[in-house]
Each structure stands twice: as C-alpha cells, then as structure tokens.
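> Got a structure for you, questions after.
Please treat every number below as a calculation from the coordinates, not as lab data. Given the structure is predicted, the values throughout are model-derived calculations rather than measurements. Using ideal geometry, Cβ is built from the backbone for each residue, glycine included, and neighbour counts are taken over all protein chains shown.
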Amino acid sequence: MKVLVTGGSGLVGSTVIDLLLGRGDEVVAIDNFATGRRDNLSPHPCLRLVEDSIVCAQVIDKLIGDFRPDVVVHTAASYKDPDDWEADALTNCVGTANVARACKDHRVGRLIYFQTALCYGTKPLEQPITLDHPVNPARNSYAISKTAGEHYIQLSGVDWITFRLANVIGPRNVSGPLPIFFERLAHGKRCFVTEARRDFVFVHDLARTVVGAADGAGHGTYHFSSGRDVAIKDLYDAVVRAMKLNDYPRPEIRPLADDDAPTILLDPTRTFRDFGEMTFTPLDEIVDKTVAYYRDHGVQGGYTHLRAESNTCGS
C-alpha cells in the first residue's frame, strides 16, 4: 500500500510510519519540523521525507498528485503557542483544506484525520462524552481550527475517518505534561499539578488502530479513548517512579486555569464495536518507556494548547 503521512516526524505520524514500514508499505512523509523531531524518522528504502508545509496548496497537490497514495494519514497540526491564532488557522484550517482538496482531486481512497477532544469545549454537558454531544470549541484557538479542519475533511467527499483523541502520550512526546514533568524533575525544579483528570493513551495503541483504519476498518467519526481517566497527579507520580528519584518531590497543587477542563472523558463504544477488542497499555508502562526514551534522546518541547499561566502545570 502507498501511504502519505503529514506531520510525519511528530509523535503520532512517526509511530504510524514505523508500523507501515515494518509491514512493507511505501510511505511519503511531509513535515516542516515546527514541532516534529528529525530523529524520529530513520532512513528507510521505502520512506521518502519531504521538508515543506501543507499550508502551500501547490506543494501538497503536487505531492499527492505525483505519489498517488491509497491512503492519506493527516497528523500535521499547529499547537505549540495558544496565542498564535495565525499559525493555528493556517496549518489546521488552510493546510487541512489543502490536504482534503488534493485528496478529492486525485481520488485518494481514504483520508484519516485527528481531532482534539476540546472540540466539545472545556465544560462538556456529559461524562463520558458521546458522539452525539454538541461540538463547541469556542474558547480555544487549537480546538476552533482543528474543528474547522474536520469540516473540510467531511466536505471533501473522500472516504474519511476522524479520530477524536484522548491524551496521546509515549516516546517522542513533545507536548503536554509528560515532557514538562521529566525536564523539571531532571533539573531539580518543582512541578505543580492541578486537580484535572485525563485519559492517557499510548501512542502505539493508537497507531495500531490507525493502521487498521488505513486497511479499511471503520468509517466516519470515532473516539480513541480507553474510557477511563486518571488524575494528573497520578501521571506525575508515575514519572517520579520511572525516574527512580530518591526522595519524593511533592508537587504544588494549583486550581484549574480558566481555559482548562476538569476532565474530558470520551465514550469509545463505537470504536470498540467497529475496530474490535482493544488492549490499552498501562500508565506505568507508558511512562517507563517514555522516560527511557528521554534519557537516551533528550527531551524537547513541553508545548501545550493552554495559555502561559497553565503551561507548566501538566494539564
């Protein structure tokens, strides 16, 4: 199979590419390295990496037109600065519109997209959130722009899947609390946490489901979620255990910021039905693997969709 992956050097994109190459697929990846790590993709005879941006319609149209992929896995996204509305709009709206249009014009067989659970807003009306819940991303630039992109995916007329995601973590993670906790603890700095809860899922578990979708499983909108949430402090404690620190560095507990959600727990019923039984990697195992990766490769990023007053709390 021929697969084009946008954002190919990012956490999800590179992990999906590893699985595709491992089974013999031919892959073209595009990334501008705004947040992706260059060392996430090793040279491979079946991989071509293009350094460019999906914001340029001519670039993505030529790439898809020349390669003629069977499937496009669209993971590219802007999220590193919550106040950079222009970057979010350009990549997540315009860039996604370019990808969707090129897929339509060149008759790509399937288009796979990734949406944030914040599309439901920070104060959802139900827990867990079902697929019937109203979409309400109005308080967050990332969520607004990703939701606009999702509409372009649906407008394309291509056979599409969108995964609305729980918090995806694992080795190569550059956003959210995990790299923040590791980096601060490694330098002897104190961390703080909020009372928020999240559903942390392993990137390899998601990648296996994405490959299933590339092979034709499912259609339409899905939640990728384990269906269970844990406290942010539980993640912090798992990082402390994985780092084998001699003394427990007690974190400061702070109230939720205005743009943060107490919990966003997604109902995965439809995903389990259409993709079959799933096994979710335990949190301690995920964190052990990620801490080992940071020790070997270093940590970078710590990006968050939250505003500056929230971006070191790990929520």
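> Mind checking the full-extension length gain between Asp259 and Asp70? Use 0.36 nm per residue of separation minus the Cα-Cα distance, one decimal, nm.
64.1 nm
> Full extension from Asp39 to Tyr293: what is 0.36 nm times the residue separation minus their Cα-Cα distance, to one decimal in nm?
The Asp39-Tyr293 span can extend by a further 90.2 nm.
> Just to verify a number: FRET efficiency for Arg228 and Asp83, C-beta to C-beta distance, R0 = 22 Å, to 0.05?
0.10
> Give the lysines reachable from Lys233 as a straight Cα distance under 26 Å; neighbours fewer than 8 places away on the same chain don't count.
Lys80, Lys123, Lys189, Lys244, Lys289
> So how long is each side of the range 1-52 along the principal axes, counting just the alpha-carbon atoms, biggest first, in Å?
Projected onto its principal axes, the Cα set of the range 1-52 covers 28, 17, 16 Å.
> What translational diffusion coefficient, in µm²/s and rounded to a whole number, does the Stokes-Einstein relation yield for the range 145-221 at 20 °C and a viscosity of 1.002 mPa s, taking the hydrodynamic radius as the Kirkwood radius over Cα pairs?
141
> Another question about this same structure. In whole Å, what three semi-axes, largest first, describe the equivalent ellipsoid of the range 67-141 built from its Cα gyration tensor (square root of 5 times each eigenvalue)? Mind showing how you got there, number by number?
On the way: eigenvalues 141, 62, 16 Å².
Values for the range 67-141, descending: 27, 18, 9 Å.
> How large is the translational diffusion coefficient of the range 1-129 in µm² per second when you combine the Kirkwood radius over alpha carbon pairs with Stokes-Einstein at 10 °C and 1.306 mPa s?
Details: Rh = 15.2 Å.
Translational D for this selection: 104 µm²/s.
> About the Cα centre of the chain, how large is the charge dipole given +1 on each Lys and Arg Cβ and -1 on each Asp and Glu Cβ? Please answer in debye to the nearest 20.
Charge dipole, the chain, about its Cα centre: 240 debye, nearest 20.
> Applying 1/(1 + (r/R0)^6) with R0 = 30 Å to the Cβ-Cβ distance of Cys46 and Arg208, what FRET efficiency is obtained, to the nearest 0.05?
My answer for the efficiency is 0.95.
> Please pull out the direction-averaged projected area of the chain, using the convex hull of its alpha-carbon atoms, in nm² to one decimal place.
14.6
> Just subtract the alpha-carbon distance of Thr279 and Lys62 from 0.36 nm times their residue separation and send over the number in nm, one decimal.
Between Thr279 and Lys62, full extension yields an extra 74.2 nm.
> How high is the FRET efficiency between Leu155 and Tyr248 when r is their beta carbon distance and R₀ equals 35 Å, given to the nearest 0.05?
Efficiency, rounded to the nearest 0.05: 0.10.
> Separate question: Just tell me which aspartates and glutamates come within less than 16 Å, Cα to Cα, of Lys146; anything on the same chain fewer than 8 places away is out.
Asp81, Asp83, Asp84, Glu86, Asp88
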